[in-house]
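To start, the structure under review is shown below, and the notes come after it.
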Number of protein chains: 2
Amino acid sequence: MPSVLVMPRDAPAMKMAAASDYQRGRAGSEIVLYDRMTEDRAAICARIAAERGMTMVPPYDHADVMAGQGTVAFELIGQVGPLDALLVCLGGGGLLSGCAVAAHYLLPDIAIYGVEPAAGNDVQQSVASGHIVKITVPQTIADGAQTTSCGELTFPVIKQLVRDVVTVTDDELVETMRVLAQRIKQVVEPTGCLAAAALLTRKIDLRGQRVGVVLSGGNVDLPRYARFLQGV
Amino acid sequence: MPSVLVMPRDAPAMKMAAASDYQRGRAGSEIVLYDRMTEDRAAICARIAAERGMTMVPPYDHADVMAGQGTVAFELIGQVGPLDALLVCLGGGGLLSGCAVAAHYLLPDIAIYGVEPAAGNDVQQSVASGHIVKITVPQTIADGAQTTSCGELTFPVIKQLVRDVVTVTDDELVETMRVLAQRIKQVVEPTGCLAAAALLTRKIDLRGQRVGVVLSGGNVDLPRYARFLQGV
């Protein structure tokens, strides 16, 4: 079916190219770019959906999206067995809330942690204050977590099922990308390193525990990735 | 038990560091470096083994080493089912000969291909001439395949079970490293890209076939890897 993807103009070129590849040959499909600093993605999507009679699929704040992303935890625990703790990357909260539901279904006592960029700790603030806090677009290399707030649907799940939300800095993300490349040979984008960075920098006391860490996403342009590996 | 590793002085620093990590805390263990252009590894190993009463474990020319490396093909086919062809990286021939034995045991009709650096096509020459050809140390970025000849044990297996040996250039290896990072998010060292490079550059006509490709090894120093990704 035809699809219109609404993406921030500063998304990795590789991510745009891959998305465009998947759309190829589907008439009526296109990518619409917007400026995440000055434009409102939700409004743009709603307008396009109304004009073209399309269904809107939000990036995280939808039960099906949350459930789909929750299969990460479901499959992980299915493969490796019981875990004491699970660390999950956190932007809008789709992956975290879905994983929290799936993990708690399988392991009622598991401790779930969300990890967001220090520059954009809106969920940490939201959990502390008890309501959704909206921030300005955070400046961080974790472009997948440059969200200004979590979702109306993801927040209640996070509040109920997530033990804690911690943050990591961009420098810690870069160091984690290097460790993941060097030791487990995986190319992981900055946002996808959030959970691993919290583990490696010991933001949470997990000594003696059996810990799952979600690595999520490898959309990073090679020249930029190469600079991260070189530490510049 | 204590181990002495004899490694070329120009091996990746990351590989030495990882090897040294594994030796840590084992008294009597050390890494001995040699110059692959002017010194004879086999002679150095034989001398150390004799002096210290140690067992020599060659890098490829030993039935146990070949069998161990053959578990790659054994597990691959066990996981993905029947294949028409299997492409394997080729230096001294341990991985190739082991995979050829394992794959033919499971799939008698499978076509096995070895892929070596164009600058060091000693096995291609050996297969063509019917005897082991020894060359000077090849100049290639595939440092794990800078072998001067295949083994006394690996060669007969290759001659009998391998359909063909093809070569790829260093430029083709670099491009393959980029594709593997970009599309399957794997950090693979130049030598480990040999088989994938032959696939991507269509060195063998594999149209319509179900093909297995062995990616082998991620020992590449990050600054060097970053330069490869940047194409310099």
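The values are calculated or read from the model by the stated rules, or taken from the named source; none is laboratory data. Quantities reported herein were computed from a predicted structural model and do not represent experimental measurements. Quick reminder, even Gly has a Cβ in these numbers, built from the backbone with ideal geometry, and neighbours come from all protein chains shown. Ligands, DNA and RNA are excluded from the accessible area calculation, which covers all protein heavy atoms including side chains. Shrake-Rupley method; radii C 1.70, N 1.55, O 1.52, S 1.80 Å.
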Quiz item: Bin by bin, in steps of 10 Å, what percent of the Cα pairs in the range A:69-158 do you find, going until the bin that has the longest distance?
Solution: 19, 47, 27, 7
Quiz prompt | log10 of Debye I(q)/I(0), alpha-carbon scatterers only, for the range B:119-198 at 0.15, 0.16, 0.23 Å⁻¹ | solution = -0.57, -0.63, -1.05
Exercise. Taking amide H positions as placed in the peptide plane 1.01 Å from N, state which residues far from A:GLU189 in sequence (5 or more) or on other chains have amide H under 5 Å from it.
Key: A:GLY218, A:ASN219
Self-check item: Exposure ranking of A:SER129, B:SER29, B:SER97 by accessible area [1.4 Å probe, largest first]
Solution: A:SER129, B:SER29, B:SER97
Quiz item: Using θ = phi - 60° and the Karplus curve 6.51 cos²θ - 1.76 cosθ + 1.60, what whole-Hz ³J(HN,Hα) does each residue of the range B:28-33 get, with Gly and Pro shown as x?
Solution: x, 8, 7, 10, 10, 9
Quiz prompt | Threshold 30 Å² - residues in the range B:187-232 whose accessible area is reduced by that much or more when the chain is no longer isolated, probe 1.4 Å | solution = B:VAL187, B:LEU222, B:ALA226, B:LEU229, B:GLN230
Quiz item: Just from the alpha-carbon atoms, what are the Rg and Dmax of the protein assembly as shown in angstroms?
Solution: 25.6, 83
Quiz item: Any idea of the accessible area per residue across the protein assembly as shown, 1.4 Å probe, to the nearest Å²?
Solution: 48
Exercise. List, largest first, the extents of the alpha carbons of the range A:88-130 along their principal axes, each in whole Å.
Key: 33, 18, 13
Practice problem: Give me the accessible area buried between chains A and B, both sides summed, with a 1.4 Å probe, in Å² rounded to the nearest 100. | Solution: 1700
Self-check item: Spin-label model distance (nm) - B:ARG202 vs A:ILE135, 7 Å beyond Cα toward Cβ
Solution: 5.0
Quiz item: Of the accessible area of the range A:190-232, with the probe set at 1.4 angstrom, what percent is carbon plus sulfur?
Solution: 47
Quiz item: Which residues of the range B:168-184 bury at least 30 Å² of accessible area once all protein chains are present, versus their chain alone (1.4 Å probe)?
Solution: B:GLN182, B:ARG183
Quiz item: Hey, what angle do you get for helix A:41-52 against the long axis of chain A, alpha-carbon based, 0 to 90 degrees rounded to 10?
Solution: 40
Practice problem: Can you check how the C-alpha radius of gyration of the range A:27-81 compares to 2.2 N^0.38 Å, as a plain ratio? | Solution: 1.58
Quiz item: Looking at this model, which pairs from B:LYS159/B:LYS203; A:LYS185/B:LYS203; A:LYS15/B:LYS15; A:LYS159/A:LYS203; A:LYS203/B:LYS185 are more than 29 angstrom apart at the alpha-carbon?
Solution: A:LYS15/B:LYS15
Quiz prompt | chain B pair-distance distribution - Cα-Cα, 10 Å bins, rounded % | solution = 8, 31, 37, 20, 4, 0
Quiz item: Could you give the radius of gyration (one decimal) and Dmax (whole number) of the Cα atoms in the range A:127-173, in Å?
Solution: 11.8, 31
Self-check item: Residues with amide H under 5 Å from that of A:ALA111, placed H, sequence gap 5 or more
Solution: A:ALA85, A:LEU86
Practice problem: For A:LYS134, go through the aspartates and glutamates and keep the ones whose alpha-carbon is under 13 Å away, minus same-chain ones fewer than eight residues off. | Solution: A:ASP122, A:GLU152
Quiz item: How many nanometers, to one decimal and shortest first, lie between the label point of A:GLY28 and those of its other copies, if labels sit 7 Å from Cα toward Cβ?
Solution: 7.5
Practice problem: Return the Cα extents of the range A:177-227 along principal axes one, two and three, sorted largest first, each rounded to a whole Å. | Solution: 38, 17, 15
Practice problem: Between A:LYS185, A:LYS134, A:LYS203, find the one with the highest GNM mean-square fluctuation for chain A; connect C-alpha pairs within less than 10 Å. | Solution: A:LYS185
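Take the Cα radius of gyration of the range A:1-137 and divide it by 2.2 N^0.38 Å, with N its residue count; two decimals is plenty.
1.22
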Quiz prompt | Alpha-carbon centroids, the range B:37-53 and the range B:177-218: separation in whole Å | solution = 34
